[in-house]
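To keep things clear, I will list the structure first and then write my remarks on it.
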Amino acid sequence: MRIWRLIAHHRDPDSAIAWFQNQGRITIGWSLIGDLRVSQPQTAKDISDMIHEKYPTQRNAQLGGPSLWRFYDEMRVGDLVIVSDGHRRRLVMEVDGDYQWDSTPSQVAGRDYQHWRGASVVLQNPDELWRQCGSGPASGENIRWTLARCSDSTAPLT
């Protein structure tokens, strides 16, 4: 089981977090690049290049590629996700579905959140889980990524 930290919508995290809970989903942006199951990127750089092409004025494409790659390729059913509003850790969700693409724009603020996975709220303190993971991203991860791995633990956290 891996532990991840996901920053909910950067402009309206409260609405996004409520939507995650109500819909039983976690989502991530960069929807203009389309369904990754169709384009079949092989690396995070492939996704960064796609983001740069579709969002030419965005200066953070290099940050989006690794986040979306992890969401698409590395996240697994059973992983735990610490959902943050960008400042505070708000809740923990357990991934219960594979990567999906919704052809209809989501109702999350900004509507650019069509990459999703099924997820259920877990009654676990997000700050405590964050501390158990070392209070930061895992080695090689970037705290500025929307989605960053915190732990690769297969042992139960105590």
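Of all residues in the range 5-42, those satisfying the criterion of being in a loop (DSSP other than H, G, I, E, B), in contact with a strand residue (DSSP E or B) (Cβ under 8 Å, 6 or more places away or on another chain) and crowded, with 17+ Cβ neighbours inside 10 Å are A8, G29, W30.
If I ask for residues that are in contact with a helix residue (DSSP H, G or I) (Cβ under 7 Å, 6 or more places away or on another chain) and of a type in the set (S, T, Y), which ones from the range 44-74 would you list? Once the filter is applied, which keeps residues that are in contact with a helix residue (DSSP H, G or I) (Cβ under 7 Å, 6 or more places away or on another chain) and of a type in the set (S, T, Y), the range 44-74 yields S48, Y55, Y72. Of everything in the range 43-54 that's of a type outside the set (A, V, I, L, M, F, W, C) and under 18 Å from the mean Cα position of the chain (by Cα), which residue is surrounded by the most Cβ atoms within 10 Å (Cβ to Cβ)? The qualifying residue surrounded by the most Cβ atoms within 10 Å (Cβ to Cβ) is S48.
Just one of (1) under 12 Å from the mean Cα position of the chain (by Cα); (2) in contact (Cβ under 8 Å) with a residue 40 or more places away in the chain fails for G65. It is (2).
Assessment of the range 109-124 against the conditions (in contact with a strand residue (DSSP E or B) (Cβ under 9 Å, 6 or more places away or on another chain) and β-branched (V, I, T)) yields at least one matching residue.
Laboratory data are not the source of any read-out in this text; all were calculated from the coordinates shown. Keep in mind it's a predicted model, so treat the numbers as computed, not measured. Glycine gets a Cβ as well: all are built from the backbone with ideal geometry, and neighbour counts include every protein chain shown.
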